[in-house]
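Visitor: Please find one structure pasted underneath; my questions will follow.
The values are calculated or read from the model by the stated rules, or taken from the named source; none is laboratory data. Note that this is a predicted model, so its numbers are computed, not measured. Methodologically, a virtual Cβ is constructed for each residue, glycine included, from the backbone with ideal geometry; neighbour enumeration extends over all protein chains shown.
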Amino acid sequence: MTDTLATPTKTAEIVQERRIVTAIPGPKSVALQERRLAVVPVGVSSALPVYIERAHGAIVIDVDGNQFIDLGAGIGVMTIGHTDEAVISAASAQLGAFTHVMFTITPYESYVRVAELLAEHTPGDFAKKTVLLNSGAEAVENAVKIARKYTGRTGVAVLDHAYHGRTNLTMAMTFKSMPYKLGFGPFASDVHHAPNSYPFRDGLSGADAAARTIAYLEKAVGASDLACLVVEPIQGEGGFVVPADGYLPALQEWCTANGIVFIADEIQSGMARTGAYFASEHFGVVPDMVLSAKGIAGGLPIAGVTGRAEIMDASHPGGLGGTFAGNPVAASAAIAVFDSIESRGLLAEGARIERALKPALLALQQKYDVIGDVRGIGAMLAIELVRPGTTEPNPTAVSAITAFAAQHGVLLLNAGTWGNVIRFLPSLAISDALLAEAIGVLDDALASLES
Ligand code: PLZ
């Protein structure tokens, strides 16, 4: 049976199974890699030089016919699964209707509908408005732009270990120098990095960590100079760092008291990944602005800045936009993703994935002392690797494990300021059986470290 499926003609025919049939990378990938090296700069690197031909659900299949269990979902983009029928049909229908007219010239309904859906599903019961953009970084840029216009202030506060993008302003906001910033400056000014809450490393309560963040910002900047504080409710690239209880509410309270716009960058944590539409809900905060991208449109590029109407309306007409921003094909796909989450009850899937994965990861922690911490919510889980008996980061173990997993048909992503975190952010379409199989490979990978 599997033979006939070796070259499936339709993505839906891809059986949800792991299957390695060549060396990794296989010969066709090796040939493509050679072509790529001649024409694509080394600055654009790939975690694994395996070239993908098609994908469905939680499986990606490469040009050599190898099938991988995808635990990264393109860094949290394919939240409802690869080649989802609803996304394909919505985007295809829009392709045949019109692909571009430019919303700032002649508008169309799908943009408005996405704004309605984001207003409905982001936290908070107040009037909200949304501007659509193309990428996460562009959403962050626009959020800062709007917060500055609204407050008449210029200071931007961000947290240590944050990731907000690769454009000039967002490089300034991103914490980690290598590979994101080194040699790419000078960076935008008036961006201030404050200590975050990182329970595994600082051992602080939420209240104490918030007091530390606030004291830093008050001393180093001054609250009245800050336009906004941008936080990822669960830090993504920084290593799926979940703040201690009470940390985010204390920050929000301080922002509100001081007229600082409280912005949640939910580009990685949002859109049903954690079992809630947006991770802010787990922490009891209602941000003034929520930023979304990645998972909102099944892989088509679109991003949103959704915020309190009075803040969003601070910009003069014509101040916000962009040629492709809110592209109709991507907007149609986003509507299909929202509809699928509702009609298929996908909000429950985050909790299912947590139930399937977290106890297994905790069991591995008991077995292997290289795992210092297991954390996360829903389908946003991670293990932080250390030198056994210490909290010293262990990126070497992460590299060895992700390489082993790739050879055995499991795509695992790293993360973390020290590159010592493995994050699990599969699509919500992944089955418990595939998760169990991936855990088996992870167990073997951990065992191989000791041999
Ligand atoms: N904010 C919280 O996670 C994107 C970047 C991967 P863009 N993270 C993955 C890479 O190596 O470039 C991200 C994020 C958070 C902002 C962004 C930026 O989103 O769509 O990549 O611009």
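Visitor: Checking the structure you have, find out if any residue of the stretch 204-223 is in contact (Cβ under 8 Å) with a residue 12 or more places away in the chain, part of a strand (DSSP E or B) and away from the ligand (no atom under 16 Å from the Cβ).
Guide: No, the stretch 204-223 contains no residue that is in contact (Cβ under 8 Å) with a residue 12 or more places away in the chain, part of a strand (DSSP E or B) and away from the ligand (no atom under 16 Å from the Cβ).
Visitor: Working only within the stretch 331-348, note down all residues that are more than 26 Å from Thr99 (Cα to Cα), in contact (Cβ under 8 Å) with a residue 12 or more places away in the chain and either in contact with a Ser or Thr (Cβ under 6 Å, 6 or more places away or on another chain) or part of a helix (DSSP H, G or I) (or both).
Guide: Leu347, Ala348
Visitor: Follow-up question, since we're still on this one. When you scan the stretch 242-330 for strands (runs of 3 or more DSSP E) that lie fully inside it, which ones turn up with 1 or more residues that are more than 14 Å from the ligand (Cβ to nearest atom)?
Guide: 261-265, 303-308
Visitor: Oh, and also: Are any residues in the stretch 258-282 in contact (Cβ under 8 Å) with a residue 40 or more places away in the chain, more than 20 Å from Asp84 (Cβ to Cβ) and surrounded by fewer than 24 Cβ atoms within 10 Å (Cβ to Cβ), and if so, which ones?
Guide: Within the stretch 258-282, Gly259, Ala276, Glu281, His282 meet the criteria.
Visitor: Got a sec? Which of Leu95, Leu133, Leu118, Leu71 is more than 25 Å from the chain's Cα centre (by Cα) and either of a type in the set (A, V, I, L, M) or more than 19 Å from Ala330 (Cβ to Cβ) (or both)?
Guide: Leu95
Visitor: Still on this structure, I have one more. Return the pairs, sorted by first residue and then second, in which the second residue is part of a loop (DSSP other than H, G, I, E, B) and aromatic (Phe, Trp, Tyr), the first residue lies in the stretch 58-80 and is in contact (Cβ under 8 Å) with a residue 40 or more places away in the chain, the beta carbons are less than 9 Å apart, and the residues are 6+ apart or on different chains.
Guide: Pairs found: Asp64/Tyr51.
Visitor: So, one more: Determine whether Ala429 is in a helix (DSSP H, G or I) and at pLDDT 95 or above.
Guide: no
Visitor: Separate question: Name every residue in the stretch 141-185 that is among the polar types (S, T, N, Q) and crowded, with 18+ Cβ neighbours inside 10 Å, in order of residue number.
Guide: Listed by number, the residues that qualify are Asn142, Thr151, Thr170, Thr174.
Visitor: To continue, here is another question. So is Met102 in the same structural domain as Ile335 (by TED's automatic domain parsing) and surrounded by 15 or more Cβ atoms within 10 Å (Cβ to Cβ) or not?
Guide: Yes: the conditions hold for Met102.
Visitor: On to the next question. Is it fair to say Pro317 is of a type outside the set (A, V, I, L, M, F, W, C) and assigned by TED's automatic domain parsing to the domain that holds Ala293?
Guide: yes
Residues are listed down the side, and each one gets a yes or a no for (1) away from the ligand (no atom under 16 Å from the Cβ); (2) small (Gly, Ala, Ser):
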position: His121; (1), (2): yes, no
position: Ala127; (1), (2): yes, yes
position: Glu138; (1), (2): no, no
position: Glu141; (1), (2): no, no
position: Gly152; (1), (2): yes, yes
position: Ala162; (1), (2): no, yes
position: Ala172; (1), (2): no, yes
position: Lys176; (1), (2): no, no
position: Ala194; (1), (2): yes, yes
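Visitor: Sort through Ala356, Ala351 and tell me the only one that's within 20 Å of Gly270 (Cβ to Cβ), touching a residue at least 12 places away in the same chain (Cβ under 8 Å) and out of contact with any Cys (no Cβ under 8 Å at 6 or more places or on another chain).
Guide: Residue meeting the stated conditions: Ala351.
Visitor: Can you tell which of Val410, Val441 is over 26 Å from His161 (Cα atoms), in contact with a His (Cβ under 6 Å, 6 or more places away or on another chain) and not charged (D, E, K, R)?
Guide: Unique residue meeting the criteria: Val441.
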